[in-house]
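A.B. asks: Right, I'll just put the structure down here and ask away after.
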Amino acid sequence: MVKILLTSGLMLMILSAFFFAISDVLVKIMSPSIGMFQISFFRFLLGGLILWPLLVLGRSSHKGKSTRVLVLRGLVGTLAFFCLIKSIAMIPLSNAMVLLYTFPLFATVFSFLLMKEPLRKLEMMLIIVGLIGIYILLNPSAHTYTVGHLFGLLAGGCAGLVMVLTRKLRKTNGPLIIYFYFCMVGGIASFPFFIVRLTIPSLEQFSLLVVLAVVFLIAQILMSQGFKFCKAPEGSVILMSEIVFAGIAGVVIFNDSLSPSFWVGASLIVGSGVGLNLTNRKNRSSDA
């Protein structure tokens, strides 16, 4: 059962989306009292400290392979995280998640340009179905765009590039070293801003920051492992199930109201992710 779980791109991506949704909730809870750079710095610092003994015990090299790509992935991922925190803090959680999940469109473009991955017609149709689901969830005519929405869209663009770079790195690097570089680069990038806006968190806030770092670590490792078995566009669309989990959390925790369009869009997103996974498996079998 464990072996099947670790080699199922669909299951790994869905679990990753679930843990990412938990991290979204934690960020939303902490954002009013803890600044963006404080959240970021502690997330990266604690993530790196947790990973260090795991890498040592596993006798893994800390240098990794394709160092430039690892650093680039860390920089782009850090920018995506900064933008996402700002978006979550400024607009409702469901809106922030919808804008973040415009990234399959960017992932598709970057995958074609950088990795030369071909897209079959059925795969493209399923990706379009997922994007239609995002459009329905966004419902552009229902609200006025703000700076928070722009941050969410920028987070989606950066996340699309992160998906492609992760897929490329998984050919020569394990998920732990990929996330370790992310934490290292993110910690260096956020440290100057953390010092300028230095505030000492309370015991409760520090506990939440520790939990956030652990949850992010689990989600990132699951995602990196999942991209070993998924193409970038396929894995990106499956990860969109995070919207569903975050939407449910918004209702239960933040008393958000979910319109019928949410359920229609969520169904299209999840359905397209499952369809892409099954199609990709069938194509791999026929090509073998």
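Coordinate-derived values only; no laboratory data. From a predicted model like this one, the values you see are computed outputs, not experimental measurements. So basically every Cβ, Gly included, is an ideal-geometry build from the backbone, and we count neighbours across all protein chains shown.
A.B. asks: FRET efficiency for residue 147 and residue 115, Cβ-Cβ distance as r, R0 = 35 Å, nearest 0.05?
C.D. replies: 0.60
A.B. asks: Using Cβ counts within 10 Å as a stand-in for footprinting exposure, how do 242, 234 rank, fewest first?
C.D. replies: In order of increasing Cβ crowding within 10 Å: 242, 234.
A.B. asks: Counting pairs of alpha carbon atoms under 8 Å apart in space and at least six apart in sequence, what relative contact order in percent does the chain give?
C.D. replies: Contact order relative to length: 39 percent.
A.B. asks: Ok, one more. Could you please rank 206, 262, 37, placing first whichever residue has the fewest other Cβ atoms within 10 Å of its Cβ?
C.D. replies: 206, 37, 262
A.B. asks: Counting only pairs 8 or more places apart or on different chains, how many lysine pairs in the chain have C-alpha atoms closer than 16 Å?
C.D. replies: For the chain, qualifying lysine pairs total 16.
A.B. asks: Still on this structure, please answer the following. Over the Cα atoms of the chain, what is the Rg over Rh ratio if Rh follows Kirkwood?
C.D. replies: A ratio of 0.95.
A.B. asks: Sort 197, 170 so the one with the fewest other Cβ atoms within 10 Å of its own Cβ comes first.
C.D. replies: The fewest-first ordering by Cβ neighbours comes to 197, 170.
A.B. asks: Same structure again: Take each uninterrupted DSSP H stretch in the chain, measure its Cα extent along the helix axis, and return the ones at 15 Å or beyond whose mean Kyte-Doolittle hydropathy is at least 1.0.
C.D. replies: 9-30, 36-57, 67-90, 121-138, 147-169, 175-196, 203-226, 242-254
A.B. asks: When each pair of different Cα atoms in region 105-252 is counted once in the 1/r mean, what is the Kirkwood radius in angstroms, to one decimal?
C.D. replies: One decimal place: 17.7 Å for the Kirkwood radius.
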